[in-house]
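Shown next, in structure tokens, is the structure this report addresses.
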Amino acid sequence: MEGVSKPLKILLANDDGIHAPGLRALQKELLTLGDVQVVAPLVEQSGVSHRITYLHPILVKEIFDADGTHFGWAVDGSPADCVKLGVLEFCGGKPDLIVSGINSGANVGINVLYSGTVAAAMEGAISGITSIAVSLQQGAMPPDYATTARGAVALIRQLTEATPGRQTLWSINFPETAETPPKGVRISSMGFRRHAETIVKRTDPRGRPYYWSGIDPLKNHAMEPETDVKDLNERYVTVTPLHFDLTEMKLMQEFRGAELSLE
């Protein structure tokens, strides 16, 4: 990709569904960078991670705006399915950029591994395309997706211009909407330490137990310096470079040349 001086072919996905307000806000702002094709789940797919559909056919429905113009494609599948279909079927050739979001809720720390929003971006990166996930922490005030989208596109422009010709993967998180704007932007590593894990047990009207998991995922993480968890908690926009190679390179080096046996 040769910067953003020419119009980009952009694939936009999410995990909150084709009718999510964050998707609509981001689509509007991304049009300033180029042509945008929306391919998003038919219904909400939060927390499905990198699930793909292969045991049954994937149904797709074209979605139109009120004036009858094409808006996008609704996929009865996962966020990763959406990106696969967008790249192979609906973009009319390989897109220059894939964006996923705006997610309703932060995707920081270990939650990156559970997130359908990040998985959609990761699927794009696997296809060799620069991909960026955008998420907005939820709070007491109604989320301001329009302002978040403008800030996100400004960051997307800067990231793509700074890495021309390279296929990169990024996760951007905005702090919750408040009366004051974010303090700034920080390049943050992914936090991976938890100090607590919570499952809430309750009883239904018939006396049967049921459970809620992930009630407050941000507070479950340790607030380690220079991590997305801590920086977001301090009301900074976090920008985290990611990669999908899960190889533990330190152990690879340690065991390189070792002769293991089945006996």
Open item on the list: Suppose the filter is within 24 Å of His243 (Cβ to Cβ) and modelled with pLDDT of 95 or more; does Ala152 pass it?
Closed with: yes
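In a helix (DSSP H, G or I) and either touching a strand residue (DSSP E or B) at 6+ places or on another chain (Cβ under 7 Å) or closer than 19 Å to Leu23 by Cα (or both): is that true of Ala152 in this structure? Let's see the steps before the verdict.
Numbers: in a helix (DSSP H, G or I): yes; either touching a strand residue (DSSP E or B) at 6+ places or on another chain (Cβ under 7 Å) or closer than 19 Å to Leu23 by Cα (or both): yes.
When the stated conditions are applied, Ala152 passes them.
Restricting attention to strands (runs of 3 or more DSSP E) lying wholly within region 1-86, give those where 2 or more residues are touching a Ser or Thr at 6+ places or on another chain (Cβ under 8 Å). Break it down stepwise before answering.
Numbers: elements: 8-13, 34-41, 60-64, 70-75.
Correct list: 8-13.
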Task: Given (1) crowded, with 16+ Cβ neighbours inside 10 Å; (2) at pLDDT 95 or above; (3) not β-branched (Val, Ile, Thr), index of the condition Met1 fails - done: (2)
TODO: Output the number of residues of region 92-122 satisfying the condition of being modelled with pLDDT under 95 and touching a His at 6+ places or on another chain (Cβ under 6 Å).
DONE: 1
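Determine whether Val99 is crowded, with 24+ Cβ neighbours inside 10 Å and part of a strand (DSSP E or B).
yes
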Open item on the list: Among the residues in region 26-33, are any among the hydrophobic types (A, V, I, L, M, F, W, C), surrounded by 24 or more Cβ atoms within 10 Å (Cβ to Cβ) and without any contact (Cβ under 8 Å) to a residue 60 or more places away in the chain?
Closed with: no
Task: Residue match in region 114-131 (condition: within 18 Å of Gly165 (Cα to Cα) and in a strand (DSSP E or B)) - done: yes
- [ ] Scan region 47-64 and give yes if some residue there is acidic (Asp, Glu), closer than 24 Å to Gly105 by Cβ and out of contact with any His (no Cβ under 6 Å at 6 or more places or on another chain), otherwise no.
- [x] no
Task: Those residues of region 29-60 which are farther than 24 Å from Tyr145 by Cβ and among the aliphatic types (A, V, I, L, M), in sequence order - done: Ile52, Leu55, Ile58, Leu59, Val60
Task: Scope region 87-96; condition of a type outside the set (Phe, Trp, Tyr) and not in a loop (DSSP other than H, G, I, E, B); matching residues - done: Val87, Leu88, Glu89
Open item on the list: Report every pair of residues separated by at least 6 positions or lying on different chains whose Cβ atoms are under 6 Å apart, first residue within region 56-70 and closer than 14 Å to Phe90 by Cβ and hydrophobic (A, V, I, L, M, F, W, C), second in a strand (DSSP E or B) and at pLDDT 95 or above.
Closed with: Val60/Trp73; Val60/Val75; Ile63/Phe71; Ile63/Gly72; Ile63/Ala74
Open item on the list: Step by step: first the residues of region 227-263, then only those that are touching a residue at least 40 places away in the same chain (Cβ under 8 Å) and in a loop (DSSP other than H, G, I, E, B), then the one that is surrounded by the fewest Cβ atoms within 10 Å (Cβ to Cβ). Which residue is that?
Closed with: His243
Open item on the list: Among the residues in region 41-54, are any crowded, with 23+ Cβ neighbours inside 10 Å and closer than 29 Å to Phe174 by Cα?
Closed with: yes
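Of everything in region 102-113 that's assigned to a loop (DSSP other than H, G, I, E, B) and among the hydrophobic types (A, V, I, L, M, F, W, C), which residue is surrounded by the most Cβ atoms within 10 Å (Cβ to Cβ)?
The extreme case among them is Val108.
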Open item on the list: Could you check region 155-192 and list, in sequence order, the residues that are at pLDDT below 95, over 17 Å from Ile129 (Cβ atoms) and either touching a strand residue (DSSP E or B) at 6+ places or on another chain (Cβ under 7 Å) or of a type in the set (Ser, Thr, Tyr) (or both)?
Closed with: Ser189, Met190, Gly191
- [ ] Give the residues of region 16-53 that are of a type in the set (Asp, Glu) and at pLDDT 95 or above, sorted by residue number.
- [x] Asp16, Glu29, Asp35
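The values are calculated or read from the model by the stated rules, or taken from the named source; none is laboratory data. Owing to the predicted nature of the structure, the values given are computational and were not obtained by experimental measurement. Using ideal geometry, Cβ is built from the backbone for each residue, glycine included, and neighbour counts are taken over all protein chains shown.
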